[in-house]
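Take a look at the structure set out below.
Since every read-out is calculated from the coordinates, none of them should be taken as a lab result. Please read these numbers as outputs of a predicted model, since none were measured by experiment. Please note: Cβ atoms are built from the backbone with ideal geometry, for glycine as well, and neighbour counts cover all protein chains shown.
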Amino acid sequence: MTATLPAEEKRTFFEEQGYLVLEGMLDEDEVEACAGEIERLHALAAGMSDEERSKGSFQLEPHAAPGAGEGRPVLRKIERTRRHSAVFRDLSAHPRLLATIRLLLGDDLLLFRSTLMLKPAHHGSAHGLHQDSAYWPMEPPSLVTVSIALTDSDPENGCIQVIPGSHKWGMQRWGRITRQRDQPLTDREDVDTSQCRQVPLRAGSALLFHSLIVHGSGPNNSPRPRHTALYAYFPPTVRYRPGEGRPREMTFPVVHGLGGRTELTLSAD
Ligand SMILES: O=C(O)CCC(=O)C(=O)O
């Protein structure tokens, strides 16, 4: 719906509500190419030891029933997909996507995160309500995440839900994000969960959201998987501020601008 808004209204909607939907961002062929690549990554994970999987940022679904994968690992998430896959590296710089990210953040763009969220049929676990910036060593907390639906996503298979306008609440504490299937999305009694808005998406559509918006997603209770590609972007005005014991420097890919460089190393200062 918000995809059809003129550029200025898209920006205003995002600033006021903290999210924006881009319908039909990918065409059917692009969605199919991503589905094929997800198959390839599963085959790759199947040939890895547990140690190789965790080093390679492949996470198993913690709440899958025994035998659920029928011989294949039941994956919940793959981090740093840019390193594992040319398809998902290119997707992070998709021109239709970057046009909107640039509208919100400007022309110089770095990538904080490239992730695949895989909610397998019947087994995908819930994500409790949280604000991404509460977990990220980046200041100010004003990154933009996109969640690109690679399968149809709806309340039954655990689509994302947001609390519109909650990016203006300020940073708060949320605790553990992974939830058991029968747990509520938050234990906090001061959060009115009736304000949560489910954001169903057709495969190929995308949800952009502010790194302070309160969001989460329910379990996958359907016979259909829910696959999404997540990327988080930031402009060079956002600094790296790691906590104690964390690396003092971090190198981030550049996805647009910054004089054509391919990466930038930020230091804690
Ligand atoms: O895709 C989902 O189900 C939730 C992902 C999410 O909330 C996150 O990674 O911050």
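Across the chain, how many lysine pairs, 8 or more positions apart or on different chains, have C-alpha atoms separated by under 23 Å? Please give the number.
Numbers: 10/168; 55/77; 55/119; 77/119.
For the chain, the number of qualifying lysine pairs is 4.
Just to confirm a number: summing +1 for Lys and Arg and -1 for Asp and Glu over residues other than residue 265 whose beta-carbon lies under 14 angstrom from that of residue 265, what do you get?
Details: positive: 239, 248, 261; negative: 249, 263, 269.
So the surrounding residues net to 0.
Give the shape of segment 99-190 as rounded, prolate or oblate, defined through the alpha-carbon gyration tensor: a ≥ b ≥ c are the square roots of its eigenvalues, a/c under 1.5 means rounded, and otherwise the shape is prolate if a/b is larger than b/c and oblate if not. Working shown, then result.
Details: a/c = 2.05, a/b = 1.28, b/c = 1.60.
Cα axes put segment 99-190 in the oblate bin.
State to the nearest 20 debye the size of the charge dipole of the chain about its Cα centre, where the only charges are +1 on K and R beta carbons and -1 on D and E beta carbons. Don't jump to the answer; show the numbers that get you there.
Numbers: 31 positive and 35 negative charges, 117 e Å.
It works out to roughly 560 debye.
To the nearest 20 debye, what charge dipole does segment 138-269 have about its Cα centre, counting +1 at the Cβ of each Lys and Arg and -1 at the Cβ of each Asp and Glu? Before the final figure, lay out each step's value.
Details: 15 positive and 13 negative charges, 35 e Å.
The dipole magnitude comes to about 160 debye.
Hey, fewest Cβ within 10 Å first, where do 162, 214 land in order?
Working: 162 24, 214 28.
By the 10 Å Cβ count, ascending, the order reads 162, 214.
For residue 46 and residue 178, what does the FRET efficiency come to when R0 = 25 Å and r is the distance between their Cβ atoms, rounded to the nearest 0.05? Walk me through the numbers before you get to the answer.
On the way: r = 23 Å, r/R0 = 0.91.
Taking R0 as 25 Å, the efficiency between residue 46 and residue 178 is 0.65.
In the neighborhood of residue 240, defined by Cβ-to-Cβ distances under 11 Å, what is the net charge if each Lys or Arg adds +1 and each Asp or Glu adds -1?
On the way: positive: 239, 241, 246, 248; negative: 139, 249, 269.
Net local charge, residue 240 excluded: +1.
Let me make sure I get this right: for the chain, a, b and c are the square roots of the gyration tensor eigenvalues over alpha carbons, sorted descending. Under 1.5 in a/c it's rounded, otherwise prolate if a/b > b/c, else oblate. Which is it?
On the way: a/c = 1.28, a/b = 1.16, b/c = 1.10.
Rounded, since a/c falls under 1.5.
Give me the distance in nm between label points sitting 7 Å out from Cα along the Cα-to-Cβ direction at residue 90 and residue 237, one decimal.
So the label points at residue 90 and residue 237 sit 3.3 nm apart.
If we count other beta carbons within 10 Å of each Cβ, what is the order of 250, 171, fewest first?
Values: 250 16, 171 11.
Taking fewest neighbouring Cβ atoms as first place, the list is 171, 250.
Starting with the fewest neighbours, write out 60, 143 ranked by other beta-carbon atoms found within 10 Å of each beta-carbon. Kindly include the intermediate steps, with their values, before the conclusion.
Values: 60 15, 143 23.
So the ranking, lowest neighbour count to highest, is 60, 143.
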